[in-house]
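What follows is a single structure, written as structure tokens, with notes after it.
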Amino acid sequence: MRSLPARLLGLTVSGTLLACLPAVVNPTPAQAVAPPNVQNNQTTARYPLADALTLTVNITTRVDTDGDGRNDKVQLRIKRPDTAGRGDADVRVPTIIEPSIYNGTMRSGIKQHPAKLNSDGTPPQLQAPLVPPAIDHPARNDDDVYRAAPAETWTHMTSERYLDDEFVPRGYAVAELDALGTGHSEGCIGVGSKSEQAGVVAAIDWLNGRAAGVDDAGLVVTAADWSNGKAALQGLSYNGALSIEGAASGVTGLKTIVTEAGIADWYRYVRSNGAVVGAAGTGYAGWDLDNLASEYNNGPSPCGDRITSSITDRLERDTGDRNAFWDERDYTTGLENRPNASVFVVQGIKDTTVRPENATLYWNALQAWGVESKLWITQAQHETPYVTRQVEFLRQLRLWYDHYLYDLPNGITAEPRVDVQQSDLTWTTQAVWPALAADAPDGAGAVTLSTRIDNTKTARSLAAGANWANSKVDSMTQNTEPAVTGPVAYNALTNSDYMDLNQATLKYLTPVLNKSVTLEGTPSFSVVAKTQGASPYLNALVVDVGDEGSRPRVISRGWLDTRNYAAPGTLDLKAQVVVPEDAYRLYKWDGQPIEATVPQGHRIGLVLLPVDSRNTPHYVGENGKQSTTLSIGTETSSVTLPVKSGKTALPG
């Protein structure tokens, strides 16, 4: 890797003067000075955006994902400052890359999976085959001229358009990379696979002279005359996932990534504790990774059969099991996935597309690995904080990139590592997340509250303390397919929607809070239960219950497939047969992370459900029976809440 160029300072010395010097001279070492676009340890806007240079390069990867006998090429489109035009021909610049699947035209893909299943996991009636539509692909020849990017993309290089405006004038190249199998890149989309990772690695290798690239005319092109070899990856959603994949490769030259709502564990994108769970806006339970792959596999390579064999056939969709397919796509475990680059994580706690556990589990892994990292937790859905906190986000981002791509000691690493947006939309900073300090003024830490029901089974509560007499079992029966406005009305898969608490039977509430309680972190559930009927799922919700007549707000959800049972406190994620008459079992699982304040005068509730038909497959039992009865042991079931402040307001 080439460092920033050294520039010499000194005076020209005449030959006469040199003759007067001693025969042996120890010359003064060359002194490195800041490039001309750097002042006071920060980059400045020196290079006019209107003068920026552009280049399209098609880079050979190390993989052949479409099986045509040739390694695939990925296309990288670059906008860089005209340093030579300002007399800075010896300056070499770093590159901020946005890897993306979204640069081509979205296709009609594989038919969604059946949303209604028999209780053994098979479809209750014949379904149309899951076959990708016939698509005419261009012929591929060795002398192909690679397609250039449409002219309009040069106006703003990336979907995060501010990157061009902010960073090209400051001496950064900004680039857009088509992921394998998408846009103008060859190959087949791998959705989180190690082969998909290779496409990202190739771009950074090319910047460092380790991979071959050709321009639109097929002529060999390198970055030796302008790149310093240092690179960053940044993106939202799938683009953030590609950034995480690139970081996990350990490729030399990648110095940092900024991932905004990126998927770090693809199992947790469409699965949870053995349950098949949909993502908002994707058709819910019928949509899966093969649908994603087929809709965005819009590159020049024919890949329909390969998507079926490499993705559809390996999903374990009927069981929700983890397997080698999912393990390959988990970047939150294993030292082999430890980034050699720093990581800036951004996540909306109310995100319904990429659930926040992806970010928080990745954050936890980064801390365990000792990776230099920074975290933003927002109250937003699936969006960049550039939309909601533009000035501060750009300030930190500029300092972040200046530090890691220009090696500038600007103090960003001395600032608080975590920025948190609270329920009232104000911001605070802290050193860690979650911050459950034991010395908080009004108490903090994990609080476990047990489900309780009085002798007449008319009052249910969350409480601490000894068992209550004669309240062993509590039950509810729910239909697999309630109307949208039925027993529990879901507006969408979200951590901030509302529900009809009056018709939810298994609901347990704290007393009215005498002060506000802030929850920060991941709740966990411990429930002794059995299910009888069609659905094998056990669903838990943490809710904020306000005044009578107001709609309770859901602040966390947790899904579990009871078939994935091994022993109390463990989930082996290998499905077993559901026996409706089986004895009660103890199930333990986590919900989605919370960053929420429940106000004084409200109550915190736990709701348990056997059916979440808006977000999970609809199960049908024998003779078309669609109802499920969930029974729980109230003395042995509980929720553990991560309390940041206000612990003394809870039962205990």
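The values are calculated or read from the model by the stated rules, or taken from the named source; none is laboratory data. Since we're looking at a predicted model, the values are computed, not measured. FYI the Cβ positions are ideal-geometry reconstructions off the backbone, even for glycines, and counts take in every protein chain you see.
Flag: Arg314 does not match the condition of being under 17 Å from Gly190 (Cα atoms) and touching a strand residue (DSSP E or B) at 6+ places or on another chain (Cβ under 8 Å).
Ala368 meets all of the listed conditions (1) part of a helix (DSSP H, G or I); (2) under 20 Å from Thr429 (Cα atoms) but one, namely (2). Here Asn410 clears all of (1) in contact (Cβ under 8 Å) with a residue 40 or more places away in the chain; (2) closer than 16 Å to Ile349 by Cβ except the condition numbered (2). Taken over segment 341-385, the criterion of being among the hydroxyl-bearing types (Ser, Thr, Tyr), crowded, with 24+ Cβ neighbours inside 10 Å and within 20 Å of Glu160 (Cα to Cα) is satisfied by Thr378, Thr384. On the basis of being assigned by TED's automatic domain parsing to the domain that holds Asn337, on the phi > 0 side of the Ramachandran plot and surrounded by 22 or more Cβ atoms within 10 Å (Cβ to Cβ), does Asn297 make the cut? For Asn297, the condition - assigned by TED's automatic domain parsing to the domain that holds Asn337, on the phi > 0 side of the Ramachandran plot and surrounded by 22 or more Cβ atoms within 10 Å (Cβ to Cβ) - is not met. When each of Arg317, Arg306, Arg268 is tested for being part of a helix (DSSP H, G or I) and more than 18 Å from Asn358 (Cα to Cα), the lone residue that passes is Arg306. Taken across segment 320-343, residues that are in a loop (DSSP other than H, G, I, E, B), touching a Lys or Arg at 6+ places or on another chain (Cβ under 6 Å) and modelled with pLDDT of 95 or more do occur, with at least one present.
Considering only residues in segment 344-380 that are at pLDDT below 95 and of a type in the set (Ser, Thr, Tyr), the one that is farthest from Ala435 (Cα to Cα) turns out to be Thr353.
Of Thr494, Thr505, which residue is assigned to a loop (DSSP other than H, G, I, E, B), at pLDDT 65 or above and farther than 17 Å from Val447 by Cβ? First the steps, then the outcome.
Numbers: Thr494 fails: at pLDDT 65 or above.
Just one listed residue meets the conditions, Thr505.
Given the condition in the same structural domain as Gly213 (by TED's automatic domain parsing), assigned to a loop (DSSP other than H, G, I, E, B), modelled with pLDDT of 95 or more and more than 30 Å from Asp402 (Cα to Cα), answer yes or no: does some residue in segment 50-61 qualify? No; the residues of segment 50-61 include none that is in the same structural domain as Gly213 (by TED's automatic domain parsing), assigned to a loop (DSSP other than H, G, I, E, B), modelled with pLDDT of 95 or more and more than 30 Å from Asp402 (Cα to Cα).
Restricting attention to segment 591-645, the residues being among the aliphatic types (A, V, I, L, M) and not in a strand (DSSP E or B) number 1. Within segment 554-584, if we keep just the residues that are surrounded by fewer than 16 Cβ atoms within 10 Å (Cβ to Cβ) and charged (D, E, K, R), the residue that is modelled with the lowest pLDDT turns out to be Glu581.
Among the residues of this structure, Arg398 does not count as one that is closer than 17 Å to Val191 by Cβ and buried (at least 16 other Cβ atoms within 10 Å of the Cβ).
Scanning segment 288-320 for residues that are under 20 Å from the mean Cα position of the chain (by Cα) and of a type in the set (S, T, N, Q) turns up just one, Asn291.
Please indicate, with yes or no, whether at least one residue in segment 637-649 is in contact with a helix residue (DSSP H, G or I) (Cβ under 6 Å, 6 or more places away or on another chain), surrounded by 24 or more Cβ atoms within 10 Å (Cβ to Cβ) and either outside the structural domain of Val276 (by TED's automatic domain parsing) or more than 19 Å from Thr122 (Cα to Cα) (or both). Checking segment 637-649: not a single residue is in contact with a helix residue (DSSP H, G or I) (Cβ under 6 Å, 6 or more places away or on another chain), surrounded by 24 or more Cβ atoms within 10 Å (Cβ to Cβ) and either outside the structural domain of Val276 (by TED's automatic domain parsing) or more than 19 Å from Thr122 (Cα to Cα) (or both). Please determine, by comparing only the residues of segment 62-100 that are among the hydroxyl-bearing types (Ser, Thr, Tyr) and not in a loop (DSSP other than H, G, I, E, B), which one is farthest from the chain's Cα centre (by Cα). Of everything passing the filter in segment 62-100, Thr95 is farthest from the chain's Cα centre (by Cα).
Residues of segment 530-540 being hydrophobic (A, V, I, L, M, F, W, C) and either more than 13 Å from Leu608 (Cβ to Cβ) or surrounded by fewer than 24 Cβ atoms within 10 Å (Cβ to Cβ) (or both), which ones? Ala534, the sole residue that qualifies.
Total residues in segment 231-272 satisfying the condition of being polar (S, T, N, Q) and surrounded by fewer than 24 Cβ atoms within 10 Å (Cβ to Cβ): the figure is 3. None of Gln367, Gln390, Gln396, Gln381 is over 21 Å from Val251 (Cβ atoms), polar (S, T, N, Q) and touching a strand residue (DSSP E or B) at 6+ places or on another chain (Cβ under 6 Å) except Gln381.
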